[in-house]
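Below: one structure, written as structure tokens.
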Amino acid sequence: MKFSAAVLLFINLFTLQAAPAADPETLIFTNVNIVDTRSGNLERNMTVVIKNGQIDGIAKVGLIQESRKIRVVNANGKFLIPGLWDMHVHSAGGSAPAWDEKIIYPLYIANGVTGVRDMGGDPALLEKRREHIERGQVLGPHMVLGGPFLAGGKSDSQTIAVNNPAEGRQAVVTLKNRGVDFIKILSNITRPTYMAIAEEARKLKIRFVGHVPDTVSVEEASAAGQRSIEHLTGILLACSSREGELRQQRLDALAKKDFKSYSENEMQAVSTYNSVKAHHLFVELTDNNTWQVPTLVWDSADAHIGDPDPPDELKYVPASVRKQWDPAKLLSATTPEEMAAKKELVSRYIELAGAMHHADVPFMAGSDGPDPFVVPGFSLHEELELLVQAGFSNAEALQTATFSPALFLAKLDHYGVIEKGREADMVLLDGNPLEEIGNTQKIVAVIVRGKYYPRGELDKILSGIEEAAAKE
């Protein structure tokens, strides 16, 4: 909602800019182009007023009462987008045990990622870290937490074992009472257990998301109320003309722990892709509002381990983690043929994401970092580029990390758009992301919880992270 000129007072810009407060109560951007992530349009030459961590007003002309507690930033025609959300991360436990909270979370902010959906880790550590961020002890994004995984097998610090329907129902009750934001399931769950989890989640009104187990079809998962499917799990199989046969082969391979045959099964699903069957599946996913978080950047990174010219952002990765990411070590049991198959699958997943998107299946951007060569913050921008490669427009790709996450989380009244009353989480860019999605990486400043971090300060944050990472 925009301010009416009739209810605003003119700013004395010369006075305000001459004597900005060291810790201003009000932050004002003038001459800024706002990217409307609802419509995909651009609102040019706007003024945005931020007070108490919220967007207080938006106007075509800079209008506000004069005060020495105001900081005015002339954006000089730069572009303002909502803070980005990475909807699939693991920031404590799991693949991130060596990542100190003062490394991993500031990395998100330095890349304009002001919100994350943590998809499973050490729940006690995650809750502690979120509290540190909210208290201002650590610079970091807003966090939505799912707590421990639900998976077959044994329980540990980040997993609740669910090996039968009774254990599945009890796990849902336990997590609901703990106050998690959602429930995350993994692939190795029996069909009866999965259905029990879905029923209990529906009963207790808590969302469940995650992988689609091999024992369950994508259609069944969608109908059962799974709100988001991660990594496109089960989609290619569901689009195969030999779905039933390949599903049984996959289950047999798992039972024998024959992971080579299991991987080859996915390629067989690719070669038996049926476009008519796929279309019916996509319509069902759209009708059921089953969201997809494809994490294409994870698949791409995994398929290109060992390629020359490693990314420059590895300098922000803790030294101990970089040793774990040694390509020779990671590829010691992988054949060139298997790497070629991985690259082929990445291409197929990108095509699949595009086909689903054109059928109006809803998508959100996620990275699955910090797995090998999926560096927190940076990787989300790579995911947006891969979505454009899949056929999303620049505006549609941007929506997967702004408007869509807020819609999915039922938090559009807080995030995802630059409108009056929303949280002041924004990113100022030096280029228009509607013209080129790569411009999301041309970050001039980040605003999170109403606090302004210009480029110079972001560079200092990154330098500090690099120094700390070298010692970790």
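Here, each number is a calculation from the coordinates, and none is a lab measurement. Quantities reported herein were computed from a predicted structural model and do not represent experimental measurements. No Cβ is skipped: glycine too gets one built from the backbone with ideal geometry, and neighbour counts run over all protein chains shown.
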Problem - Entries in LYS78/LYS442; LYS451/LYS471; LYS102/LYS460; LYS260/LYS343; LYS154/LYS329 that, when Cα-Cα distance is taken, lie over 18 Å - result: LYS451/LYS471; LYS154/LYS329
Completion exercise
For the range 142-266, the Cα convex hull volume per residue in Å³ comes to 113 Å³
Problem - With at most 13 other Cβ atoms within 10 Å, longest stretch of the chain clear of loop trypsin sites (Lys or Arg not before Pro) (DSSP) - result: 258-472
Fill in the blank from the handout: For the range 84-408, whose charge dipole is built from +1 on Lys and Arg Cβ atoms and -1 on Asp and Glu Cβ atoms, the candidate among TRP325, THR193, GLY366 with its Cα farthest towards the positive end is THR193
Completion exercise
Given unit charges at Cβ for Lys, Arg (+) and Asp, Glu (-), the dipole magnitude of the chain about its Cα centre in debye, nearest 20, is 1360 debye
Problem - Efficiency of FRET between LYS203 and LYS260 - r from beta-carbon atoms, R0 30 angstrom, step 0.05 - result: 0.15
Completion exercise
Output for the chain (equivalent-ellipsoid semi-axes, sqrt of 5λ from the C-alpha gyration tensor, Å, descending) is 40, 24, 22
Practice task
Give, in nm to one decimal, the length gained when the segment between ARG44 and VAL61 is fully stretched (0.36 nm per residue of separation minus the Cα-Cα distance).
Solution key: 5.0 nm
Exercise for the section: Per DSSP H run of n ≥ 4, the term is -39500 (n - 2.57); total these for the chain, divide by its residue number, and report the mean residue ellipticity at 222 nm rounded to 500 deg cm²/dmol. Expected result: -12000 deg cm²/dmol
Completion exercise
For the chain, averaging the sequence separation of alpha carbon pairs under 8 Å that lie six or more residues apart and dividing by its residue count, the contact order in percent is 19 percent
Completion exercise
Quick calc of log₁₀ I(q)/I(0), the range 55-186, Debye, one scatterer on every Cα, no solvent, q values 0.13, 0.14, 0.21 1/Å, result -0.66, -0.73, -1.20
Problem - Square roots of 5 times each gyration tensor eigenvalue, C-alpha, the range 250-383, largest first, Å - result: 29, 21, 12
Problem - Within the chain, percent of DSSP bridges classed antiparallel, to nearest 5 - result: 50 percent
Completion exercise
DSSP beta bridges in the range 81-237: the antiparallel percent, rounded to 5, is 5 percent
